[in-house]
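Have a look at the structure below, then the notes.
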Amino acid sequence: MYKFFKGLFKTKHNKFVNKADVMKKYLIIGLGNIGEAYAETRHNIGFKILDHFASSEGFSFAPDKLGSKAEFKLKGRTFIFVKPATFMNLSGKAVKYWLDKEKIPLENLLVITDDLNLPFGSIRMKTKGSDGGHNGLKDIQDKLNTSKYNRFRFGISNSFGKGRQVDYVLGKWNDEELKTMDERLDKSLELVKSFVLAGINNTMNAFNGK
């Protein structure tokens, strides 16, 4: 009888510990397209921000299921970074897989994406919203069956002529954009850390429009 109650208590305790551990894990998805041809394009800002984070903090990505993955720990929290290898239009497949694989609650997901409706370098956090015509966000919404997930939108502006949108988003950063890119990437790194350590609401208040 003693062994039975001891085992029962142990099981409940382990469930509690496991749940607590899960709440300390965060999935950070940077959207982009794989391949050298896309490496420095505006559409790949999600990849670029994650690569900057890795370079700044001294860790690296390794090939894994449906993408490249890295982990980083800070103040008892675990950041799980993923750069999907599914190409932009199928990003949701990787997001859904890693949420389920790591048992991460939806509120601990952050998707990093480019945004044509914001001036270059502007950053904005949202907890929900439409896909805005962005194919990566559209697929994520379809796979998660909800538009209520956190996203970090990095402005790439809409400085393109009529009918040139595709060429623009898949184009390389220009010299003017590159002048302030490092500062914008540093600010993005701070935002991601704030999301994990301070929460979405505090992060929105501190960073939106900055």
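Among the residues of segment 29-43, write down those that are more than 11 Å from Pro84 (Cα to Cα) and of a type outside the set (Lys, Arg).
Listed by number, the residues that qualify are Gly35, Glu36, Ala37, Tyr38, Ala39, Glu40, Thr41, His43.
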Contact list please: Cβ distance under 7 Å, first residue in segment 169-184 and farther than 18 Å from Phe53 by Cβ and touching a residue at least 24 places away in the same chain (Cβ under 8 Å), second residue in a loop (DSSP other than H, G, I, E, B) and of a type in the set (Phe, Trp, Tyr), pairs at least six apart or on different chains.
Glu177/Phe120
Only one of these is aromatic (Phe, Trp, Tyr), out of contact with any helix residue (DSSP H, G or I) (no Cβ under 7 Å at 6 or more places or on another chain) and either loosely packed, with under 10 Cβ neighbours inside 10 Å or modelled with pLDDT of 95 or more (or both): Phe72, Phe9, Phe5, Phe81. Name it.
Phe5
The helices (runs of 4 or more DSSP H) lying wholly within segment 95-186 that contain at least 2 residues that are in contact with a helix residue (DSSP H, G or I) (Cβ under 8 Å, 6 or more places away or on another chain) and under 24 Å from Asn201 (Cβ atoms) are 135-144
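Among the residues of segment 161-187, how many are among the β-branched types (Val, Ile, Thr) and surrounded by 15 or more Cβ atoms within 10 Å (Cβ to Cβ)?
1
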What number of residues in segment 86-110 are under 21 Å from Gly35 (Cβ atoms), hydrophobic (A, V, I, L, M, F, W, C) and touching a Ser or Thr at 6+ places or on another chain (Cβ under 8 Å)?
1
Filtered residues of segment 26-61 (kept if touching a residue at least 24 places away in the same chain (Cβ under 8 Å), of a type in the set (A, V, I, L, M, F, W, C) and part of a helix (DSSP H, G or I))
Ile45, Phe47, Ile49, Leu50, Phe53, Ala54
Taking the criterion of being modelled with pLDDT of 95 or more, touching a strand residue (DSSP E or B) at 6+ places or on another chain (Cβ under 9 Å) and closer than 22 Å to Gly199 by Cα, would at least one residue in segment 30-39 satisfy it?
yes
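The values are calculated or read from the model by the stated rules, or taken from the named source; none is laboratory data. Just so it is clear, the model here is predicted, and its values are computed rather than measured. Cβ atoms come from the backbone with ideal geometry, glycine included; neighbour counts cover every protein chain shown.
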